[in-house]
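Structure first, commentary second.
The values are calculated or read from the model by the stated rules, or taken from the named source; none is laboratory data. Predicted model only: the values in this text are computed from it and were never measured. Glycine also receives a Cβ, built like all others from the backbone with ideal geometry; neighbour counts cover every protein chain displayed. For the accessible areas, the whole protein counts, side chains as well, though only heavy atoms, and no ligand, DNA or RNA atoms are used. Shrake-Rupley method; radii C 1.70, N 1.55, O 1.52, S 1.80 Å.
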Amino acid sequence: MRYAETGFNLEIDLSRGSIERVATDPGVTELHLGGLGTNAKILWDRVSHEVEPFSPDNLLIFGTGLLCGTPAVGCNRTILSTFSPQTLLMAYSMMGGFWAPELKYAGYDKVIIRGKSPDLVYLWINNDQVEIRDAAHLRGKGAMETSELIRQELKEPKAQVSAIGLAGENRVYFASVEQGRSSASRGGIGAVMGDKGLKAIAVRGTKDINIARPDEFMELCNGVLKYIQFREKNPIKGVPPILAGLGSPQEMAIHDEEWHTTNFAWGNARHRIKDYWTEEVERKWTESLEKVRERFISCYNCPMKCGATLNVPGHPTYMMKCYSKLTYTMASMTDLDFGFKIAQRATEYGVDAFSTPQVMAFALELYEAGILTDRDLSGMPSDNEGRFLWLLDRIVRREGIGDVLANGTHWAAKQIGKGAEAYAHNNIKKHEQLPLKLGMLNPIYFLMYCTGEKINITQIEGQFPQAPFPNREDREEFVKDWIQVPDEKFKQYFLDWDPRGENSIPYYPTIEATCEIVDWQEKMHYLDDTLGMCAGLSSFPLKPPYHIHNLPDFVSSATGIEMDEAGLSQAAKRNRTLVRALNIKRGMRRKDEKPPEDHWRKRFPELETKLLDEYYKFKGWNNQGIPTKESLHELSLDYVTEEFLQRGILTDNEDAPSKEASAETEKK
Ligand code: SF4
């Protein structure tokens with residue numbers, strides 16, 4: 001019997017119109033667990049590095065985390081993986097909500113899509129009955145609208161639907177897959193879904209999931225619930241309110257936006273407005289949010305209620321959570337009323353709420369600089385709100401200048417030329433990042449931004465505080481019940497971290513400590529993305545309920561695969577290395593691993609070089625960031641070595657690459 005997982009994947013070939021239910025190999029689960037790990041293994045085995053993102057041979061995988069559908073609180077992530085049209089690298093974007101548990105209850109761990117349908121279709125998975133259905137009548141419909149129409153058509157109000165909007169149909173490079181309570185937004189996964197001619201996947205499942213040792217597992221789940229209650233009553237002291245609790249930042253509940261509006265950048269991720277937040281603005285923004293917020297909502301099996309349904313007068317209801325509350329408002333330099341209005345339209349179109357506002361602000365900066373002209377933007381209104389709505393409509397339809405902008409700032413700048421590349425300034429690996437511009441280099445964030453392959457907006461930030469607490473007494477208080485640390489030494493690193501003086505950024509934490517902190521944070525993200533855990537209860541907040549000391553017990557009691565901390569850490573490292581290997585095969589090298597140049601005003605090139613050198617060594621990678629033969633062997637990834645040798649990425653005598661390459665130079 002298989003435990004926690006179903007042991008079956010659905011293989012759909014849209015070119016041939018075939019549907020297969022395929023048993024999976026339990027040995028692969030033991031090595032890679034599930035979710036991101038097994039998605040990466042499938043991509044390695046089946047998609048050659050020469051396959052273009054919009055080729056029928058590119059796969060689009062909807063993978064559930066290993067523990068999704070079990071009673072583990074907040075374990076509901078679908079991990080969508082493919083090769084991204086924007087970065088040309090592996091994209092893996094997560095969505096919460098209810099879709100992954102529903103797929104498990106229908107009897108499948110993954111839906112693997114290959115080929116391309118000549119006509120627009122959707123997939124209907126109803127337990128053992130699976131159909132490819134015509135979606136011609138859904139062409140051009142919004143993502144939420146599509147979900148509702150499909151539920152009505154199937155007469156199945158309980159079906160969970162993941163759908164693309166117009167942006168996905170038109171292969172906009174930052175198109176999302178929307179799911180009502182969540183979305184998979186980063187990496188242009190919606191564009192690949194649209195390219196395959198797949199409008200939506202609807203799922204209904206009513207089967208059970210087996211748990212190997214249910215009593216033990218339920219006890220662990222109850223422990224997590226109790227801890228969540230404890231943390232609700234005991235927020236972290238000494239950090240901004242947004243970082244004090246669990247879950248996604250509670251943007252739908254809070255009104256005080258001083259921290260975001262003064263610390264984050266406006267427009268095209270460039271301008272700081274330090275005196276923006278006044279009592280008058282706070283009153284107006286509070287009113288705006290209260291007026292449209294209908295109710296708070298959660299994902300499957302989670303008490304946190306991080307999101308809310310919003311009802312903007314004259315617009316259909318939609319869901320919002322986290323910092324997307326502010327991305328459109330701040331990029332367009334307008335106000336919250338407008339932010340809510342345009343976000344509704346953007347959600348129906350199905351676009352990433354981080355890249356899209358930046359792309360539009362980038363276009364307006366180019367216009368101000370005279371690089372784009374009235375001819376390029378003919379018909380654009382003169383006010384900012386009108387301009388943003390106008391640009392959004394053109395981007396998702398790929399009309400006129402919208403066709404260029406739909407490829408994101410990196411590729412649009414190349415196409416526009418005339419110096420436009422200087423305005424695409426906020427990218428890592430060709431993808432728009434959080435609009436944050438700071439003073440002094442932070443070594444931890446430097447490494448996370450350089451080496452993170454998740455392409456999420458925060459890359460891999462997590463359980464180590466973002467900044468030192470001013471007083472040692474507060475730090476001592478913080479470390480007292482810091483049970484989540486993998487090792488006691490992390491407490492000392494934090495205790496000794498001062499805001500000023502010898503033990504402050506950029507030279508403290510030391511290079512060695514920085515490597516260990518980043519590795520810890522990264523490990524937790526890879527575990528979450530493999531198990532299907534919400535990062536908001538594990539890898540993202542301070543002092544979360546899930547951590548490296550209790551996750552092995554969750555895995556062991558759910559799956560029956562005996563797992564200790566070392567074993568789980570090794571599985572996380574294996575998955576992390578395989579994701580890197582996929583990207584290395586596609587040409588990613590050290591020169592791609594850099595934060596936006598203006599992310600910090602004060603930069604330290606020598607220190608930055610040393611940080612990257614040492615982190616690469618720490619991870620078992622050579623100086624180009626390529627995993628070495630030795631480290632691949634230790635992770636049972638010798639087949640990666642073989643392919644690297646064949647392709648000259650590694651050589652027989654040394655681990656150095658035979659030639660330097662970069663994803664930047666890869667043919668698009
Ligand atoms: S913590 Fe928030 S985002 Fe995470 S599963 Fe719970 S409700 Fe969803």
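Structure data summary
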item: Low-density loop positions, trypsin sites (Lys or Arg not before Pro), segment 368-466 - DSSP coil, at most 16 other Cβ in 10 Å; result: Arg375, Lys418
item: Alpha-carbon Rg/Rh ratio, for segment 1-125, with Rh computed the Kirkwood way; result: 0.95
item: Segment 388-541: Cα Rg divided by the 2.2 N^0.38 Å rule of thumb; result: 1.32
item: Residue-count net charge about Phe618 - beta-carbon cut-off 13 Å; Lys, Arg +1, Asp, Glu -1; result: 0
item: Estimated D of segment 300-353 in µm² per second, where Rh is the Kirkwood radius over Cα pairs and Stokes-Einstein applies at 25 °C, 0.890 mPa s; result: 209
item: Cα coordinate range in segment 273-386, projected on the principal axes (Å, largest first); result: 50, 34, 26
item: The chain - Rg and Dmax from Cα coordinates, angstrom; result: 23.5, 68
item: Calculated SAXS-style log₁₀ I(q)/I(0) at q = 0.12 Å⁻¹ - segment 191-303, Debye, Cα scatterers; result: -0.80
item: Heavy-atom accessible area ranking, 1.4 Å probe, most first, across Asp487, Asp134, Asp215; result: Asp215, Asp134, Asp487
item: Sorted largest first, extent of segment 244-307 alpha carbons per principal axis (Å); result: 40, 24, 22
item: Unit Cα scatterers, Debye sum, segment 484-638: log10 I(q)/I(0) for q = 0.09, 0.11, 0.14, 0.18 Å⁻¹; result: -0.35, -0.52, -0.84, -1.29
item: Burial ranking of peptide ranges 278-291, 518-531, 28-41 (average Cβ count within 10 Å, highest at the top); result: 518-531, 28-41, 278-291
item: Per-residue SASA entry for Ile395, accessible area with 1.4 Å probe, Å² rounded to 10; result: 0
item: Length gained when the stretch Ala422-Lys226 is fully extended (0.36 nm per residue, less Cα-Cα span); result: 65.5 nm
item: Efficiency of FRET between Asn503 and Lys414 - r from beta-carbon atoms, R0 35 angstrom, step 0.05; result: 0.25
item: Average silhouette area of segment 419-458, convex hull of alpha-carbon atoms, in square nanometres; result: 3.2
item: q = 0.23 Å⁻¹, segment 424-492: log10 I(q)/I(0) [Debye, one scatterer per Cα]; result: -1.07
item: Most to least packed among 539-552, 82-95, 229-242 [average Cβ atoms within 10 Å]; result: 82-95, 539-552, 229-242
item: Two-site FRET efficiency, Gln492 against Asp638, from Cβ-Cβ distance with R₀ of 35 Å, rounded to 0.05; result: 0.40
item: Separation in nanometres of the label points that stand 7 Å from Cα toward Cβ, at Arg133 and Ala23; result: 3.1
item: Sites Asn263 and Glu156 - FRET efficiency at Förster radius 56 Å, r taken between beta-carbons, to 0.05; result: 0.80
item: Cα Rg, Dmax (largest Cα-Cα span) when computed across segment 36-96, Å; result: 12.8, 41
item: Relative contact order, percent, the chain [alpha-carbon distance under 8 Å, six or more residues apart]; result: 15
item: Kirkwood Rh, angstrom, segment 110-255 [1 / mean 1/r, Cα pairs]; result: 18.0
item: Relative packing of 471-483, 606-618, 553-565, which averages over residues the other C-beta atoms within 10 Å, highest first; result: 553-565, 606-618, 471-483
item: Solvent-accessible heavy-atom area per residue, rounded to whole Å², over the chain at 1.4 Å; result: 36
item: Length added when fully stretched, Glu148-His315, from 0.36 nm per residue minus Cα-Cα; result: 58.6 nm
item: Sum of -39500 (n - 2.57) over DSSP H runs of 4+, divided by residues of the chain (222 nm, nearest 500); result: -12000 deg cm²/dmol
